[in-house]
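The values are calculated or read from the model by the stated rules, or taken from the named source; none is laboratory data. Model, not experiment: these values are computed from the prediction. Note that we place each Cβ from the backbone using ideal geometry, even for glycine, and neighbour counts take in every protein chain shown. Heads up: the accessible areas ignore ligands, DNA and RNA and are worked out on the full protein's heavy atoms, side chains in. Shrake-Rupley method; radii C 1.70, N 1.55, O 1.52, S 1.80 Å.
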Amino acid sequence: MNKELLEKIQKSEFISNKDTIFTEINEVVENTLRLTSELNTGYKTPEEVRNILTNITGKEIDSSVQVLTPFNTDFGVNIRLGKDIFINKSCMFVDLGGIELEDNVLIGPDVKILSVNHSLDPKNRRGVILRSVKIKRNVWLGAGVTVCPGVTIGENSVVGAGSVVTKDVPDNTVYAGVPAKFIKNI
């Protein structure tokens, strides 16, 4: 993975599908598809899973991280994982815009974290709007949660199963619903 490409992406808010950078992005996506296919085929030990994820992200995955397969990502290189993270089965990270999970995060099965959106303007719809997602320390995302682009989930917070998070969640709160709304303080 070209560091220069990642820096360009991280500085961008919108990338047109006509931009030459799209070709470079697609090359990374093709490599990530190959690696996620390897990851999700047959049984892998936790160490094998972490090794493949290290290859996908380009960053060393701490031995305290546990990811159950299948796990999917489209780009992979813009994922940052802390320590003591648990990611349950069948999760999808759309990470071109950047996804960061801090330490001690719990991710339920079938969670989707999205850092990319598309324009409402039909002329620009094939391009991508990049908005990073940050999941802070000790967060628990219940089964089937969808986290939309640009959202930060605050420390120690919980998002109930099946919720769609469209706005930031403050520290030490429980949110649930579609769209996710405040339920209570922790």
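Simple spin-label estimate for K59 and D171 gives 2.1 nm between the two label positions (7 Å along the Cα-to-Cβ direction from each Cα). By the rule of a C-alpha distance below 24 Å, with chain neighbours fewer than 8 residues away ignored, the lysines paired with K136 are K11, K59, K83, K89, K112, K167, K181, K184.
Per-residue accessible area (protein heavy atoms, 1.4 Å probe) orders L141, L68 as L68, L141, starting from the largest. The residues of region 20-105 have, on average, 45 Å² of accessible surface per residue, using a 1.4 Å probe with all protein chains present. The solvent-accessible area of T45, taken with every protein chain present and a 1.4 Å probe, is close to 50 Å².
Once all protein chains are placed together, T69 keeps about 40 Å² accessible to a 1.4 angstrom probe.
Label point of Y43 set 7 angstrom out along Cα-Cβ; within region 80-101, no amide nitrogen lies under 14 Å from it.
Taking all protein chains together and a 1.4 Å probe, the residues F182, F22 rank F182, F22 from largest to smallest accessible area. Count charges around V164 for me, please; just the other residues with Cβ under 11 Å from its Cβ, Lys/Arg as +1, Asp/Glu as -1. After counting each charged neighbour, the total is +3. For GluC sites (Glu not before Pro), the sites in region 19-117 that DSSP calls loop and that have at most 13 other Cβ atoms within 10 Å are E60.
Using only the C-alpha atoms, the convex hull of region 1-49 corresponds to 100 Å³ per residue. Look at (1) 9, 38, 39, 13, 1; (2) 10, 38, 35, 17, 1; (3) 8, 31, 31, 20, 9, 2, 0: the one that is P(r) over Cα pairs in 10 Å bins from 0, in percent derived from this structure is (2).
Ordered by 1.4 Å accessible area with all protein chains kept, S132, S12 run largest first as S132, S12.
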